[in-house]
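Visitor: There's a structure below that I have some questions on.
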Amino acid sequence: MLLTGQHPGLDPAEYGLEQFRAHQLDCPGEENPHAHVGRVTAAVLPLLSRPPDLLVVQGDTSSALGAALAAFTAGVPVAHVEAGLRSHDPTLPWPEEEYRTAIDAGADLLFAPTNTAASNLRAEAVRGTIHVTGNTGIDALLEIEARAPLMQPRNTTVKRLLVTCHRRESWGHGLRSIAAAVARLADRDDVLIEVVLHPNGHASRSLTERLNGHKRIDLIPPCNHVALIGRMRCAGLILSDSGGIQEEAPALGVPLLVLRDKTERPEGIHSGNALLVGTSAGLIVETASRLLDDPAELAKMARRTFPYGDGRAAPRIAAVIESWIEENSRPGIAKS
């Protein structure tokens, strides 16, 4: 297991991985994602001198692309978990849309979370084998939910909003506009707003400078996944540009406003659990206010649905990988 260091303080035990040997690459995140891709590629390549049967990457981060490029260079087959997500716009999100397309083009095994993602891959005529598995993020969510009690019951008198935003394409005007919308919503006398800050300093500073000190806004330091899920479960409405939250909110039955102009996860919108509102302060305030003032409409979005998987993605992926290795393992390579 390779830990890049892109998210400092990551504890493998939080994800049930403490029994696996972990190799620290010491490649913390950088302001320039392309530079980070290069650092990760250079760090992973030497570790492939004794090539494994398969290198597995998940998602569309610079870490995922860097590791995949190292594998492509070393001739090591790649499996991509969370393959096929597309906004069909290389700038939204940037640079992730380009990164995941590059990984998928060279991967041997492509684990698509949904039928829509699989259709995207087929349209691109990728060379690898496509498997629809659901998303492992839903597996993790359901496991956390089963063992983590609610932090506090939902209160119908006070409307709790949870806000997260960090997308790189929103830096500058987008973050300022989102902050303006949050401040306007906080002027209502029936809301409490939690803004969970992102570890990225640019995103967190931009929000803190504009929202600090408002009596109905709590600025929450970056928190781990378990704590974030707890806060999501207590919210009546979530405003976020996070890809993971787009998957988790429908499964929790919490209405979501997606703070993006385009999304690679349209299934939550099609299921009626989410609305795409972009970063316009006016549209964010108008949409959120309409939902907060109309409990019936908000309730329609609060149904638990599972457009991104049923919580069994991991065993499906493991079974495919096990079968693939049995068929394709390299002669003379000892299994560790």
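The values are calculated or read from the model by the stated rules, or taken from the named source; none is laboratory data. Since the model is a prediction, treat every value here as computed from it, not as a measurement. Cβ atoms come from the backbone with ideal geometry, glycine included; neighbour counts cover every protein chain shown.
Residues checked against (1) over 21 Å from G134 (Cβ atoms); (2) modelled with pLDDT of 95 or more; (3) charged (D, E, K, R); (4) crowded, with 21+ Cβ neighbours inside 10 Å:
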{"position": "Q246", "(1), (2), (3), (4)": "no, yes, no, yes"}
{"position": "L257", "(1), (2), (3), (4)": "yes, yes, no, yes"}
{"position": "R265", "(1), (2), (3), (4)": "no, yes, yes, yes"}
{"position": "T287", "(1), (2), (3), (4)": "yes, yes, no, no"}
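Visitor: Could you list, in sequence order, all residues of region 38-71 that are closer than 19 Å to Y99 by Cβ and touching a strand residue (DSSP E or B) at 6+ places or on another chain (Cβ under 7 Å)?
Guide: V44, L55, V56, V57, Q58, A64, A67, A68, A71
Visitor: Only one of L192, L207 is in the same structural domain as R290 (by TED's automatic domain parsing), surrounded by fewer than 21 Cβ atoms within 10 Å (Cβ to Cβ) and not in a loop (DSSP other than H, G, I, E, B). Can you tell me which?
Guide: On the way: L207 fails: surrounded by fewer than 21 Cβ atoms within 10 Å (Cβ to Cβ).
Going through L192, L207 in turn, the sole match is L192.
Visitor: Looking for whichever is under 19 Å from E82 (Cα atoms), in the same structural domain as E82 (by TED's automatic domain parsing), in a helix (DSSP H, G or I) and not β-branched (V, I, T) here; the options are A318, A249. Which one fits? Don't jump to the end; show me each part of the working.
Guide: Details: A249 fails: in the same structural domain as E82 (by TED's automatic domain parsing).
Selected residue: A318, the only one of A318, A249 that is under 19 Å from E82 (Cα atoms), in the same structural domain as E82 (by TED's automatic domain parsing), in a helix (DSSP H, G or I) and not β-branched (V, I, T).
Visitor: Right, something else. Tell me which residues, restricted to region 70-90, are over 14 Å from G243 (Cα atoms) and hydroxyl-bearing (S, T, Y).
Guide: Result: T73, single match.
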